[in-house]
Amino acid sequence: MDTILRKLGYKPYMVYEKYRTTYLLNNAEITLDELPVGTFVEIEGDAEAIQTVRESAGLENARQMPSSYTTIFDRVKKRLGLHFADITFANFEGITIPETALFE
């Protein structure tokens with residue numbers, strides 16, 4: 001697909017890498033995303049299923065982050081003074097990201 005888009009004249013403006021694992025438990029879908037800036041959990045389902053997963057996984061007091069990964073990346077770049085454009089594991093090698101850099 002990359003080749004087709006480039007032949008049509010499109011150019012990538014950002015690349016971001018992630019590993020995604022999706023789990024299914026009863027009526028809830030749990031998505032674990034591992035990115036260079038951190039690991040994030042998304043729980044989808046009805047309110048009862050979400051609450052059950054949060055409690056069983058010990059996440060009932062976890063901070064929620066309603067931001068996109070690109071917004072989080074922009075926040076981290078600004079707070080850490082980073083100047084690269086892509087969210088890749090190679091770019092973040094050796095960089096420690098404090099939790100405070102992720103949240104508004």
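Please treat every number below as a calculation from the coordinates, not as lab data. Being a predicted model, the structure only gives us computed values, none of them experimental. Backbone-built Cβ (ideal geometry, glycine too); neighbour counts: all protein chains shown.
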Note the angle between two axes, namely the Cα long axis of helix 47-56 and the longest principal axis of the Cα atoms of the chain, as a number of degrees from 0 to 90, rounded to the nearest 10.
90 degrees
Cross-link reach list, lysines versus Lys77, counting only Cα pairs under 18 Å and skipping chain neighbours closer than eight places
Lys18
Counting only backbone N atoms under 11 Å from a point 7 Å out along Cα-to-Cβ of Tyr10, the residues of segment 34-66 in range are none
Say each of Leu32 and Asn91 gets a label point 7 Å from the Cα, pointing the same way as Cα to Cβ; how far apart are those two points in nm?
2.5 nm
Residue-wise HN-Hα coupling along segment 84-91, computed from phi with Karplus coefficients 6.51, -1.76, 1.60 (Hz; x: Gly, Pro)
9, 9, 10, 8, 10, 4, 5, 5
HN-Hα J couplings of segment 29-36 from phi, Karplus 6.51/-1.76/1.60, θ = phi - 60°, integer Hz, Gly and Pro as x?
10, 10, 10, 10, 10, 10, 10, x
Please report, largest first and rounded to whole Å, the three semi-axes of the ellipsoid equivalent to segment 1-98, where each semi-axis is the square root of five times an eigenvalue of the C-alpha gyration tensor.
30, 19, 11
Placing +1 at every Lys and Arg Cβ and -1 at every Asp and Glu Cβ, with all other atoms neutral, what dipole size does segment 2-101 have around its Cα centre, in debye to the nearest 20?
680 debye
